[in-house]
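The values are calculated or read from the model by the stated rules, or taken from the named source; none is laboratory data. None of the values given here were measured: they were computed from a predicted structure. Note that we place each Cβ from the backbone using ideal geometry, even for glycine, and neighbour counts take in every protein chain shown. Accessible surface is based on the protein model in full, side chains and every heavy atom, while ligands, DNA and RNA are left aside. Shrake-Rupley method; radii C 1.70, N 1.55, O 1.52, S 1.80 Å.
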Amino acid sequence: MSARQGHPDIKTESEEDVKLDLMEDEEGLEEMSKLLEGGTPTGGFWTFEYYKSFFNVDTVQVLDRVKGSVMPMPGKNFIKHYLRSKPDLYGPFWICVTLVFSVAISGNLSTFLSQMGDQSYHYRPQFHRVTIAAVVIFMYAWLVPLCAWGFLTWQKGDEGQMGGYTFLETVCVYGYSLFIFIPTSLLWIIPLEWMRWLLILVSTVVSGSVLVLNFWPVVRDHTKVTAIATLVTIVILHSLLAIGCKIYFFQTAVPMAAPETTTQLLLTTQVTKSH
């Protein structure tokens, strides 16, 4: 009898072990699928693994998102169509870094070319422009999305609305929208003022359209005044970045006539005294 009573216990323990193994396998598969899909980052926000997941993109994805940022299409939401709930920081980071150096270097070249015919001009590389460009561009790429996301989140909670974008999605769309300013800054080297302002207009319209088309579905349920004011503020801040970079880094050289005038006055005074 004791032997017969022992068999059910052994069977029950073996079944429990199998169930535990299956549950562990299912949990492992779920975690693996989340990592592959980019659903949730692993570890806490203070760990390296947490931020590593936001740089886990391939070249095809980055190029596809860059293409979407320079060719905005009505009805095609950049966040929903290109990000697909998997925002990355790799593309925005390198776009900002490239834009910093392209603006600073192109600005130096523009100054050199504009003063190349002046014999009294001595070229000095202005390395401080790199620092200024980095501060301005990275502050814009992080602080403006933070303010936009905070305001939209507050509006969503205040009016009881559903939907909206995450902070990383907002940063991602802002970062990719800056890509068009990289070729624009290179073309600003051409010393034609009308062409520079035309490039500002075209690049601002294209990149601003990406932002407007993405944030319109979020703000259209707000009041008309709030929705229009939000989109206008987004476009104005975007335009100010482009105009500010053009004015500071690509100043039009104006020939100074003061030394010649002073010399003429001195000669006139000497001639008058001689008479």
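Sorted largest first by accessible area at a 1.4 angstrom probe radius, with every protein chain in place, the residues CYS172, CYS147 fall in the order CYS147, CYS172. A Förster radius of 25 Å, combined with the Cβ-Cβ distance separating LEU192 from VAL135, puts the computed FRET efficiency at roughly 0.30. Surface listing: VAL173, VAL235 arranged by accessible area from highest to lowest gives VAL235, VAL173, probe 1.4 Å. In this simple spin-label approximation, ILE243 and CYS147 carry label points 7 Å from Cα along the Cα→Cβ vector, and these lie 1.5 nm apart. With all protein chains kept in place, the per residue accessible area of region 174-256 amounts to 49 square angstrom at a probe of 1.4 angstrom. Phi angles across region 180-191 convert, under the Karplus curve 6.51 cos²θ - 1.76 cosθ + 1.60 with θ = phi - 60°, into 3J(HN,Hα) values of 5, 6, 5, x, 5, 5, 5, 6, 5, 5, 4, x Hz, Gly and Pro given as x.
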